[in-house]
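Visitor: The structure's right below; bear with me while I get my questions together.
The values are calculated or read from the model by the stated rules, or taken from the named source; none is laboratory data. Note that the coordinates shown come from a computational prediction; the quantities given were computed from them, not determined experimentally. Here Cβ is always computed from backbone atoms with ideal geometry, including for glycine, and neighbour counts include all displayed protein chains. Keep in mind that these areas ignore ligands, DNA and RNA; they rest on the heavy atoms of the full protein, side chains included. Shrake-Rupley method; radii C 1.70, N 1.55, O 1.52, S 1.80 Å.
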Amino acid sequence: MVYLFPETPSGSVSLTDAPATLAGPSGQALGEDLGYGDIDGDGYVDIAGALGDGRVLVYTGPHLGPVTAASAAATLVDTPRSVAVGDLDGDGSADVVVGYGDGVSTVATGIEVLFGPDLSSSAVIDADELWANGGVEVGPPVDLDGNGTAELFVASPTATVGGVEWVGSVYLFHDPLGVSSFGEADTRWVLDEASQLSSLKVRPAGDVDGDGVDDVLVGAEQWQSSSGPVGAIWVISGSTL
């Protein structure tokens, strides 16, 4: 279930007070991952939500009252691991970016970009040659360098680096629609070759280090110190991109 509030709540607020909700199919948890943006170009925010059974549901705005899975405008099927929304092709409509893991899909491991407003065409960035296991986590597309084109950050807890498996890594694509494989990424950060990370999340942030340029955060809930799994957050400085 996804609960929608028209503004950031303050104080103690119950989820039952949400003026709008989005529900997944019976027995499926909507919200494994979420992305939002104006996909259909009507001026309202649309929401793409991943389910645990290998589907992404797209709900078009406006969102009023309870909305069921039967009302979803589109269902994308292909074992997604993560989903994000942003305008990658610069046409004014947000696109849906799906990160895949191992499974039966058009992209066994990698990324598929489905273009708004109708999601009928797509582009693929293949990562099969870089991964031993698992899949990829896509971050929301964002124009960090101010050149008018959104960058795409992608994280994998299970990349293969120099023959070593399960190495946490983050990839940056300045022009994600101009490449076809992860080998063409503009930058790659290797986060940890010692800890086997079960998951990574990458998200754009504000100016964390105070240099006037927005930064990117990478979180690993299972990063291990000498005392065991404690979690970690890395800051990628936007001035280095």
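Visitor: Take the residues in segment 93-105 that are at pLDDT below 90 and outside any strand (DSSP E or B), then tell me which one is surrounded by the fewest Cβ atoms within 10 Å (Cβ to Cβ).
Guide: Among them, the one singled out is Val104.
Visitor: Now, a different point. What number of residues within segment 195-210 satisfy the criterion of being open to solvent by 70 Å² or more (accessible area, probe 1.4 Å), more than 21 Å from Phe173 (Cβ to Cβ) and modelled with pLDDT of 80 or more?
Guide: 2
Visitor: Also, I was wondering about something else. Please tell me if Gly86 is in contact (Cβ under 8 Å) with a residue 12 or more places away in the chain, exposed (fewer than 13 other Cβ atoms within 10 Å of the Cβ), closer than 30 Å to Leu177 by Cα and not polar (S, T, N, Q).
Guide: Working: in contact (Cβ under 8 Å) with a residue 12 or more places away in the chain: yes; exposed (fewer than 13 other Cβ atoms within 10 Å of the Cβ): no; closer than 30 Å to Leu177 by Cα: yes; not polar (S, T, N, Q): yes.
The answer is no for Gly86.
Visitor: Here's something else I'd like to know. Where residues in segment 212-223 are open to solvent by 70 Å² or more (accessible area, probe 1.4 Å) and farther than 20 Å from Gly86 by Cβ, which of them is modelled with the highest pLDDT?
Guide: Going through the qualifying residues, I end up with Glu221.
Visitor: Do we find a residue being farther than 23 Å from Lys201 by Cα, in contact with a helix residue (DSSP H, G or I) (Cβ under 9 Å, 6 or more places away or on another chain) and assigned to a loop (DSSP other than H, G, I, E, B) anywhere in segment 32-49?
Guide: no
Visitor: Could you tell me which residue of segment 57-83 is nearest to Glu112 (Cα to Cα), considering only residues that are surrounded by 17 or more Cβ atoms within 10 Å (Cβ to Cβ), hydroxyl-bearing (Ser, Thr, Tyr) and touching a Phe, Trp or Tyr at 6+ places or on another chain (Cβ under 8 Å)?
Guide: Of all residues in segment 57-83, those surrounded by 17 or more Cβ atoms within 10 Å (Cβ to Cβ) come to 57-61, 63, 67, 69, 72, 74, 76, 79-83.
If we keep only those that are hydroxyl-bearing (Ser, Thr, Tyr) as well, we get 59-60, 79, 82.
Still in the list and also touching a Phe, Trp or Tyr at 6+ places or on another chain (Cβ under 8 Å): 60, 79.
On the way: Thr60: 20, Thr79: 12 Å.
Step by step, filter segment 57-83, then rank; the result is Thr79.
Visitor: Which one of these is buried (at least 18 other Cβ atoms within 10 Å of the Cβ), over 17 Å from Ser120 (Cα atoms), touching a Ser or Thr at 6+ places or on another chain (Cβ under 7 Å) and of a type outside the set (Val, Ile, Thr): Asp40, Asp46, Asp33?
Guide: Values: Asp40 fails: over 17 Å from Ser120 (Cα atoms); Asp46 fails: over 17 Å from Ser120 (Cα atoms).
One residue alone meets the criteria, Asp33.
Visitor: Related question: Which of the numbered conditions does Gly24 fail, given that it passes all the others? Conditions: (1) farther than 28 Å from Leu172 by Cβ; (2) surrounded by fewer than 21 Cβ atoms within 10 Å (Cβ to Cβ); (3) not β-branched (Val, Ile, Thr).
Guide: (2)
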